[in-house]
Amino acid sequence: MIDFKSLNLHASILEALEKKGYTSPTPIQAQAIPHLLENKDLLGIAQTGTGKTAAFSLPIINRLGSNKIKVKPARMRTLILTPTRELASQIDENIKSYSKGLKLSSTVIFGGVSPRPQIMAMSKGVDILVATPGRLLDLMGDGHILFEQLEVFVLDEADRMLDMGFIRDIKKVIAKLPKVRQTLLFSATMPNDIADLANSLLKEPVRVEVTPESTTVEKIDQKLCLVDRTNKPLLLKSILQDKTIQSVLVFTRTKHGANRVVKHLEDAGIGAAAIHGNKSQGARERALDLFKRGKIRALVATDIAARGIDISNITHVVNYDLPNDPKSYVHRIGRTARAGREGVAISFCDETELKLLKDIEKTIKMKIDVDTTQPYHGAEPHLAKKQPLRNPNEAKGNKPKHNQNRRRKPLNKKASGAAPRKSN
Ligand code: AMP
């Protein structure tokens, strides 16, 4: 197995990696870093959780640190564009920790907060700027950002950028960049529009593809709870009765849904907070901080808000609502089992979500096992096709129970590879 030392990185970067406890590069790091150190363009097909931040940050820091030059006001030597504020902050934090020894400067700019400190930081010029597109364009428009010293441009999470409607903003930024530069594009998926964008941006790129989504998915213990819609809060509370479940990321489809789940959990005395687009930047940061420090056990999020958040100790992901896009399922459950760890993903599926479940199972090319350790609130999908949900006893020919919403005892303590869990 290769180690970081064989990658020709500066001694102070190696020290920083050691401090972080990284012993060996992840596959994307091992594959991308040697090419990036030769200043090649790169097309990286990788999702968060693969170690892609270090894969691009380390060679950039190495490059800038080996050839220090004075950066003029409003300029930067590297621009990293990323879709969300959280991701931007995390990348900046990572960069600061890797580049400390080389004394490089970095800053982050994103919307939703006062632009003043960002303008101040840019007024001196920085080696590395991490930014989200909207605020970057605002500051560019006001003359606070100039690109003529730019050497490296990174477009991170390109597919997500497109999903979030940033394509025009990105193109406006790219139009202002110097033509001679090193360009890196990362995307978890490669639909045609991203392939076109990559073709127009990258010069003879090295293509690196890691962890096909199914591989990540295989490391996660995935379980399915078939549940009547009205019983979802009850089921979630019941799962969280197990105190060994320390940090759970709960996904809802809507912002209101996220708020409702938090209320249900708080009413049951379970510490929870929501992060979504209607929350202020301050509220999102506070919620994340409480969650990271273990002060609350549940963080409830919508897909966009949760994307890219780097919380390494999530043990469980709960899909309170199934996502409309099966790819989101893969992204969501990938929030547990980060960087080689194992994790558990529990998906709630009500009668209206059976089609979504089918699409997900098609995408991940496997059936998700029904978790028989949970109090049972629904029915098998194949029984529920065009009829109201029934309970499993009914399916076995037992006498139908009329109150489907009634809490039930677990049918069977043995789950599919799952740790035994208290059920009520
Ligand atoms: P990323 O895909 O960049 O969001 O990284 C996912 C997680 O892996 C983050 O928590 C990183 O801190 C961690 N990580 C990155 N590189 C390594 C490595 N070589 N060894 C162990 N953990 C790593």
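The values are calculated or read from the model by the stated rules, or taken from the named source; none is laboratory data. A quick note: this is a predicted structure, and the numbers were derived from the prediction, not measured. All Cβ positions, glycine included, derive from the backbone under ideal geometry; neighbour counts span all protein chains shown. The area values use the complete protein model at the heavy-atom level, side chains included, leaving out ligands, DNA and RNA. Shrake-Rupley method; radii C 1.70, N 1.55, O 1.52, S 1.80 Å.
Some notes on this structure:
- FRET efficiency estimate (nearest 0.05) - Cβ-Cβ, Asp138 to Lys219, R0 56 angstrom: 0.85
- Charge tally for Lys367 (other residues, Cβ to Cβ under 11 Å; Lys, Arg +1; Asp, Glu -1): +1.
- Theoretical FRET efficiency, 1/(1+(r/R0)^6), r = Cβ-Cβ of Ile69 and Ser123, R0 22 Å, to 0.05: 0.75
- For Cys225, nonlocal amide neighbours, meaning residues 5 or more places apart or on other chains whose placed amide H falls under 5 Å from its own, are Ser347, Phe348, Cys349, Asp371.
- Each label was represented as a point 7 Å from its Cα along the Cα-to-Cβ direction; for Lys203 and Lys263 these points are 5.7 nm apart.
- Pairs beyond 22 Å (Cα-Cα), from Lys72/Lys96; Lys52/Lys96; Lys72/Lys100; Lys20/Lys96; Lys5/Lys292: Lys5/Lys292
- Mean separation of Cα pairs under 8 Å and 6 or more residues apart, divided by the residue count, gives segment 220-364 a relative contact order of 33 percent.
- Heavy-atom accessible surface of Glu151, to the nearest 10 Å², is about 30 Å², with a 1.4 Å probe and all protein chains retained.
- Amide H contacts under 5 Å for Gln182: Val152, Phe153, restricted to partners 5 or more places along the chain or on a different chain, H placed in the peptide plane at 1.01 Å from N.
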